[in-house]
Amino acid sequence: MAILFFTSFLLTVPSIIGLIICRRYKKKKGKKAKLIIRILLIIVLLAGLVMFAVPIAFGGMIMYGNYHVAQYKLTLPAVAGRGDLAGVKQLLDSGTDPDQNDDLNYTALTAACSGEGNYDIAKLLIEHKCTVDIDIKEYIDQKDVGYTPLMYAANKEEKYDIVKLLIESKADVNHKASSDGCTPLIIATKYPNHSNDKIVDILIKNGADVNAADNKGKTVLAYACNQPADETSYAIIKNLLENGALINTKTTTLQDLLTLAKQYNVYEGNSGNEYYNKIVSILNEYSTK
């Protein structure tokens, strides 16, 4: 910054002096040379002014950005995102709208359901009548557009209590995100090592569609099969099949599901583990029913 200001000074002051001298120079001879000199001096002056303006504009942008960040940190979604229960309570008690957001619908409840989750904050917000099924309007890379708090809570087993709380508060277990067509049940089954049979079970027991498919046609059962085979993934697949999940649909077949299961569990020198073999067996069993 200091270098830019100093360079600007070196360019601007001499060029202004030069233009003043040119203006006072009255001789008729050398008019063309005088014009060229003037043009060059004006160019140098403009360059100096630009160099002077750039750091000011840049500094202003930084100050505005810092101010905006500082202001956001005081909002309900930001305080909830930090896990500050006392701060959330203080804002709510002072009359802050429990659905306060930055016009993208990322509310404090969404923040409380994201990441590791915070049950106490989610419960407090619901007690203050926040909107349970509010969905994101815009997000990074547009991936989460249409996601609800329940969908953020359903992706990790540690957030079972939050999922239960949201369902008890009438959250829509079959909400379909506009960006990718995912539902809470798909979210609960699609991420390797995060699937939780307890979350899947409570969603199914509360009416989640076991045959839901995303915008690409990939079904809940397909996502469940496309996981490392273990006790949890087998329990999820068994639960889905026992509750009416179809093996053969418009977009998937038995062979598709077996192929998905094999991707994670069978590789060179390994024929799969005990749970992989159980998954193959139960898929074959239900394909004939």
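Values quoted throughout were computed directly from the atomic coordinates according to the rules given, and no laboratory measurement underlies them. This is a predicted model, so every value here is computed, not measured. Glycine also receives a Cβ, built like all others from the backbone with ideal geometry; neighbour counts cover every protein chain displayed.
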Shape category assigned to segment 183-235 from the gyration tensor of Cα positions, a/c cut at 1.5: oblate
Qualifying trypsin sites (Lys or Arg not before Pro) for segment 173-239 [loop in DSSP, other Cβ within 10 Å: at most 11]: 216
For segment 196-289: rounded, prolate or oblate by the Cα gyration tensor [a/c cutoff 1.5]: prolate
For segment 281-289, Karplus couplings with θ = phi - 60° (6.51, -1.76, 1.60), whole Hz, Gly/Pro x: 5, 6, 5, 5, 4, 7, 5, 9, 8
Length-normalised contact order for segment 75-171 - Cα pairs under 8 Å, 6+ apart - percent: 25 percent
Ordering of 253-259, 162-168 by packing [mean C-beta count within 10 Å, highest first]: 162-168, 253-259
Whether segment 97-196 is rounded, prolate or oblate, judged on the alpha carbon gyration tensor where a/c under 1.5 counts as rounded: oblate
